[in-house]
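Below is one structure, written out as structure tokens; comments come after it.
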């Protein structure tokens, strides 16, 4: 999960911060990651998905 979060915070360190999805991965910017077990895959390999949702209201 850390690699996924690192990728959305700094996908390319040479880009200016406004080109990043998140300015930082602190608790002011990010709720999670919250891993959830999904359906089994029949290939014998693992699968990982990242779901990103913009929250427009403050959570309390």
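Descriptive notes on the structure:
- Some residue of the stretch 48-57 being exposed (fewer than 10 other Cβ atoms within 10 Å of the Cβ), within 15 Å of the chain's Cα centre (by Cα), part of a helix (DSSP H, G or I) and at pLDDT 80 or above: no
- Flag if residue 5 is modelled with pLDDT of 80 or more, surrounded by 10 or more Cβ atoms within 10 Å (Cβ to Cβ) and either more than 20 Å from residue 57 (Cβ to Cβ) or more than 13 Å from the chain's Cα centre (by Cα) (or both): yes
The values are calculated or read from the model by the stated rules, or taken from the named source; none is laboratory data. Remember, predicted model here, so these are calculated numbers, not experimental data. Note: ideal-geometry Cβ built from the backbone for every residue, glycine included; neighbour counts use all protein chains shown.
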